[in-house]
Each structure stands twice: as C-alpha cells, then as structure tokens.
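Right, one structure below, let's go through it.
FYI, it's all coordinate maths here, none of it is from the lab. Remember, it's a predicted structure, so these values are computed and weren't measured experimentally. Every residue, glycine as well, gets a Cβ built from its backbone with ideal geometry; the counts of neighbours run over all protein chains shown.
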Amino acid sequence: MDYNFKDILKDFLIEQNLTQTAFANHVGIKQSQVSEWLKGKAKPGYDLLKQICTTYNISADYFLGLIDKY
C-alpha cells in the first residue's frame, strides 16, 4: 500500500459514507481539522490517531498505511 494519510482518510470516509463533519463529531474534533488532514497540510498526532482507531475499532496499522484493510 503506497498511500499517505490524506488518501487513506479520504477512502475511509467514502467507504463509510461519512462526511467530514460526522467524522469530526464522532472523534471529538473540529471539522476544520479533518479538512486540513484531507488537504495534506497536517496529520493527527498519537492521541488523535488513537482516538480515531478506538472510535471506529480499527487498527492504527490501517491509518498508517501498513495494511490495506481495516
């Protein structure tokens, strides 16, 4: 898998039929932060990555691009 975080997140949102706002609300962050991630201007830190993985019950390996499926 040769994706970066913005591509992985974009695909995840599409596959889960989630808007940026819905994703942000579930994780407990602002939509603008998700927008910055999708533009490739920023990436989540450890605590936010952990929160995303916990919220959606997905391995961090998926969002780190180490595995193809979540």
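Structure summary
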quantity: Förster radius 22 Å - calculated FRET efficiency between L13 and K43, Cβ distance, rounded to 0.05; calculated: 0.90
quantity: L64 paired with I29, simple spin-label distance in nm, labels 7 Å along Cα-to-beta-carbon; calculated: 1.7
quantity: Cα centroid separation, segment 6-28 to segment 53-70 (Å); calculated: 13
quantity: Karplus 3J(HN,Hα) series, Hz, for segment 33-44 with 6.51 cos²θ - 1.76 cosθ + 1.60 (x for Gly, Pro); calculated: 5, 4, 4, 4, 5, 5, 7, x, 7, 7, 9, x
quantity: Global form of segment 1-44, assessed from the alpha-carbon gyration tensor, a/c cut-off 1.5; calculated: oblate
quantity: T21/K50 FRET efficiency (R0 30 Å; Cβ-Cβ; nearest 0.05); calculated: 0.90
quantity: Segment 18-63 shape via C-alpha gyration tensor axes, a/c threshold 1.5; calculated: oblate
